[in-house]
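The values are calculated or read from the model by the stated rules, or taken from the named source; none is laboratory data. None of the values given here were measured: they were computed from a predicted structure. A quick note on method: Cβ atoms are made from the backbone with ideal geometry, for glycine too, and the neighbour counts reach across all protein chains shown. Remember, those area values only see protein heavy atoms, side chains included, never the ligands or the DNA or RNA. Shrake-Rupley method; radii C 1.70, N 1.55, O 1.52, S 1.80 Å.
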Amino acid sequence: MTEHTSRRRFLKAAAATGALAGLNATVLAQDGGAGEQLVVLDGLTPGWLAYRLPGGAEATGTDQNPALSLQEGTTYTLVWVNGDGQPHNFAIQDEQGENLEVLRPLGIDRDTYQQINGTGANESVSLDVSEGNVTGVSAGNESGGMAGNGTTVGGDGELVAQTEIISEEGAVQAVQFTASAEMASYICLVHPNTMVGDVTVESGGGAGNDSS
Ligand SMILES: [Cu+2]
């Protein structure tokens, strides 16, 4: 507990003293960097499957409800597809089972989801996010996968505690969220007993190398 507090204090101090290199790197990684902040799930009534997990964890596509290991303060983009035509949605809960109001919905169309899902699981990818929409993805080298069709979705900047329920097989959804220590699980609120997995958040982020 003390450790955690002191680390937080260190982070605050680092930010205050202008250790902005780290901050810029995070922003860069969000819309241009490695695929480590990208999560790709398949929503199925018996459980979520993962095609891409954060932090380079291996996604088998067959393990049900794999844990999401996140770094505190890092922003992730999560895209998922309705895999079975049943109603599903997405929320992140704390240990008490409260839905956390941390999700920023992004527009995405099926083609873009397919492009994202077509990238190799350990391939580095960048997402093109423009005006609240995921508009394209480039894998590895810049192979210009820009599909500039804007599927408009409301409220840039508005955070929600749960996403809309989507019921059509093949329908897709995308959200962004920034990992915080209170996050404990991800869940479909229609199937809270089967579609639920752990979220673990490692505090400190990139501040592990305090060699001052
Ligand atoms: Cu569900």
Check which residues have an amide H placed less than 5 Å from residue 69's amide H, if you skip close sequence neighbours. 200
Figure the gain on full extension for residue 42 and residue 123 (residue separation times 0.36 nm, minus the Cα-Cα span) and round it to one decimal in nm. 27.3 nm
Just the accessible area for residue 110, please: 1.4 Å probe, Å², rounded to the nearest 10? 100 Å²
Assuming R0 = 25 Å, what is the FRET efficiency of residue 178 and residue 58, from their Cβ-Cβ distance, to the nearest 0.05? 0.55
Keeping all protein chains in the complex and leaving out DNA, RNA and ligands, what accessible area do you get for residue 165 with a 1.4 Å probe, in Å² to the nearest 10? 90 Å²
Can you give the extra length, in nm with one decimal, that the chain gains between residue 198 and residue 164 once fully stretched, where that is 0.36 nm per residue apart less the Cα-Cα distance? 10.1 nm
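With a 1.4 Å probe and all protein chains kept in place, how do 202, 164 rank by accessible area, largest first?
Working: 202 110, 164 145 Å².
If we order 202, 164 from most to least accessible, we get 164, 202.
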